[in-house]
Amino acid sequence: MKSKKDNLQVNTPSRPKLHPQKNDSLFKKIYQSKKNILNLCKVLIGIQNITEDDIKVTTLQDNNAIYVQIRNDLSFIFGTNIFLLEQQTKVNPNMPVRQGSYYFNTLSMLFENATFHSSKAQKIPRPILITFTNGDPKGIPIEINKLSDLFIENENTSEDRYSKLKVNGRYQNYIEVYVKVIYLNNPQNEGLLNQIPTLKGVAFFTKTINEYKLKGYDINEAVEKAIDETINQNLLVDILKKEREGVKSMIMAQITQEEWDNFKYNEGFAEGREEGIEEGIEVGEIKVLYTMFNYDEETISKKLNLPIELVQKVIHEKLL
């Protein structure tokens with residue numbers, strides 16, 4: 001007789017091959033500047049008399065092979081706290097998992113591995129986990145996401161009892177992670193954004209790109225118009241004027257995981273499989289890059305690490 005455990009299935013969908021690789025987001029590029037981090041920190045903690053020297057940047061870097069697949073946007077230590085900040089274009093309910101992984105991997109980076117095998121208790125910075133999300137999809141300024149919301153639900157009370165600990169008379173999960181989600185375009189967050197011009201610029205720029213895309217502009221035109229409009233609003237002026245082409249290229253090339261999810265790639269992959277094409281997933285990826293991002297055949301070939309002959313075949317036989 002099979003046990004319930006034998007029947008338990010956890011969906012672990014395979015990742016698409018298309019990923020951001022080493023493309024930085026505009027948010028991450030802006031907050032490479034410690035001056036901008038300082039302004040952000042002052043507003044978040046409500047203290048003005050701090051300097052750049054009071055902040056230690058701890059963002060996971062590309063040059064560390066261990067962490068290259070789990071890069072975060074920004075983290076820094078101030079006092080006894082470590083801030084881990086992410087910027088997302090869309091709501092992502094998995095942020096407690098991602099933010100938790102950023103925190104524990106940052107601790108591994110900060111301390112020697114042997115530190116946590118010592119019999120002496122090692123004091124660690126207290127995490128503050130915040131995700132800035134563009135748009136106002138739920139009509140609320142702030143939301144708290146919990147790791148436990150993602151746990152597989154127990155179907156009987158006996159299993160529920162041994163999966164939790166009784167602490168101070170209450171049953172609690174063995175581990176919990178809370179992430180504060182701030183919806184940047186909610187009207188109630190206007191005051192916050194006015195205090196952090198760089199963050200306001202990111203929110204406005206991203207929102208404007210989406211608005212132009214909804215009006216039917218292709219991604220190239222949408223980015224161009226959004227750059228001009230953001231500058232006209234006196235936001236991100238320095239970076240958009242001095243590095244206009246670099247920012248444009250970065251935005252055009254950047255496909256974050258949460259953006260990819262919204263391209264409905266599953267439908268594209270299914271379409272390729274239904275047509276009996278062995279490279280069904282590649283067809284879906286090529287379709288997205290060619291039709292939505294206007295990449296040429298050579299660029300698509302390099303991004304997906306596919307033979308250019310295959311890319312040309314898909315484009316000419318399936319998309320033209």
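Among the candidates Ile315, Ile308, single out the residue that is surrounded by 15 or more Cβ atoms within 10 Å (Cβ to Cβ) and modelled with pLDDT of 75 or more. Give the steps one after another, and end with the answer.
Working: Ile308 fails: surrounded by 15 or more Cβ atoms within 10 Å (Cβ to Cβ).
From the options Ile315, Ile308, the qualifying one is Ile315.
Listed by first and then second residue, the pairs with beta-carbon distance under 9 Å, at least 6 apart or on different chains, first residue in the range 302-320 and without any contact (Cβ under 8 Å) to a residue 12 or more places away in the chain, second surrounded by 15 or more Cβ atoms within 10 Å (Cβ to Cβ) and part of a helix (DSSP H, G or I), are Pro307/Ser301; Ile308/Glu297; Ile308/Ile300; Ile308/Ser301; Glu309/Ser301.
Taken over the range 66-106, the criterion of being touching a helix residue (DSSP H, G or I) at 6+ places or on another chain (Cβ under 9 Å) and part of a loop (DSSP other than H, G, I, E, B) is satisfied by Ile66, Tyr67, Arg71, Asn72, Asp73, Gly79, Thr89, Lys90, Val91, Asn92, Pro93, Asn94. For the range 235-257, a residue qualifies if it is polar (S, T, N, Q) and outside any helix (DSSP H, G or I), and the qualifying residues are Gln254, Thr256.
Condition first: surrounded by 12 or more Cβ atoms within 10 Å (Cβ to Cβ) and at pLDDT below 90. Can you find one or more residues in the range 44-60 that meet it? Talk me through it step by step, then tell me what you get.
Going residue by residue through the range 44-60, those that are surrounded by 12 or more Cβ atoms within 10 Å (Cβ to Cβ) are 44-45, 47, 50, 52, 54-60.
If we keep only those that are at pLDDT below 90 too, we end up with 60.
Checked against the condition, which is being surrounded by 12 or more Cβ atoms within 10 Å (Cβ to Cβ) and at pLDDT below 90, the range 44-60 yields at least one hit.
Scanning the range 107-126 for residues that are within 26 Å of Tyr183 (Cα to Cα), in the same structural domain as Leu60 (by TED's automatic domain parsing), touching a helix residue (DSSP H, G or I) at 6+ places or on another chain (Cβ under 7 Å) and not basic (Lys, Arg) turns up nothing. For the range 208-222: of the residues being surrounded by 19 or more Cβ atoms within 10 Å (Cβ to Cβ) and under 18 Å from Gln87 (Cα atoms), which is modelled with the highest pLDDT? Filtering the range 208-222 for residues that are surrounded by 19 or more Cβ atoms within 10 Å (Cβ to Cβ) and under 18 Å from Gln87 (Cα atoms), the one modelled with the highest pLDDT comes out as Thr208.
Restricted to the range 25-42, and to residues there that are touching a strand residue (DSSP E or B) at 6+ places or on another chain (Cβ under 9 Å) and in contact (Cβ under 8 Å) with a residue 40 or more places away in the chain, the residue that is nearest to Ile128 (Cα to Cα) is Cys41.
Among the residues of the range 131-144, at least one is aliphatic (A, V, I, L, M), in a strand (DSSP E or B) and under 19 Å from Gln87 (Cβ atoms).
The values are calculated or read from the model by the stated rules, or taken from the named source; none is laboratory data. The shown structure was predicted, so the numbers you read here are calculated from the model rather than taken from an experiment. Positions of Cβ are backbone-derived with ideal geometry, glycine not excepted, and every protein chain shown enters the neighbour counts.
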